[in-house]
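What follows is a set of notes on a single structure, which appears directly below.
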Amino acid sequence: MTPLFLHIIVTLCGCHILYTGANRPAAPVNISITHLRADSATVSWSIVDGDVVIGYAISQQRQDGLAQRFIREVNTTSRACVLWNLDEDTDYIIQVQSVGLHGESQASKRVHFRTLEKSDHFQTSLIDQDDPSVEGLDMSRQLQTGEMVIIMTVLIMWAAVIALFCRQYDIIKDNDSNNHSKEKAKPPSEHSTPEYHNGGLLGSKFQRTASSISIIKV
């Protein structure tokens with residue numbers, strides 16, 4: 001292999017490396033930790049305008065070096081990621097990289113955070129209160145709360161309608177029962193003629209008529 005051929009190969013490889021490096025996206029900026037809990041946290045970031053980014057990569061490790069985790073996601077435009085299964089009251093360090101068409105960016109600056117204890121209250125934000133991802137999560141939580149309120153209101157209205165229907169039904173049933181009892185207890189009419197058998201009223205009338213007939217002999 002001639003020195004000229006080796007020089008051409010080295011030159012082409014160097015040009016390819018320079019081209020690839022020049023087309024990689026810049027490192028993410030504005031790294032922030034929000035929605036911090038005892039076992040989870042949300043990391044969010046921003047990208048430099050003009051960069052073509054198709055995903056992200058997150059390096060997560062405990063500060064004491066006992067546990068490390070690498071998260072890589074492509075074909076997404078998300079600028080936030082939820083970190084799960086964290087240890088409570090533990091220090092963590094994370095770095096974020098942007099994934100482009102020609103490779104990954106340099107790692108972002110190291111960001112430190114500490115998870116809460118289980119007895120601590122939920123903190124909505126540790127660093128950045130104006131993070132767009134937080135606003136989206138809050139809006140989703142508000143929508144879920146509104147849907148539950150609507151469902152509970154509809155159920156209460158249906159229960160009230162059913163209770164009112166049952167009450168009206170009981171009132172109508174009681175009125176029918178009272179009317180039926182009154183009809184049974186109504187006394188016989190004064191103009192009705194009682195019938196007596198075996199020497200009763202009809203028998204006495206017939207006897208009086210028969211006794212008034214006289215026989216005339218010629």
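A few comments on the model shown:
- Residues LYS118, LYS109, LYS173, sorted by accessible area with the largest first, give LYS118, LYS109, LYS173 [1.4 Å probe; ligands and nucleic acids excluded].
- Taking amide H atoms as placed 1.01 Å from N in the peptide plane, the amide H of LEU83 lies under 5 Å from those of ALA41, THR42, VAL43, each 5 or more residues away in sequence or on another chain.
- Within the full protein context, the accessible area of PHE165 is estimated at about 140 Å² for a probe radius of 1.4 Å.
- Under-5 Å amide H pairs with GLY100, H placed in peptide plane, nonlocal only: ILE54, SER105
- Mean separation of Cα contacts under 8 Å, 6 or more apart, over the residue count of the range 31-105: relative contact order %: 38
- Backbone HN-Hα couplings from phi across the range 48-56 [Karplus 6.51/-1.76/1.60, Hz, Gly and Pro as x]: 6, 4, x, 7, 8, 10, 10, x, 8
The values are calculated or read from the model by the stated rules, or taken from the named source; none is laboratory data. Please read these numbers as outputs of a predicted model, since none were measured by experiment. SASA here: full protein model, heavy atoms, side chains in, ligands and nucleic acids out. Shrake-Rupley method; radii C 1.70, N 1.55, O 1.52, S 1.80 Å.
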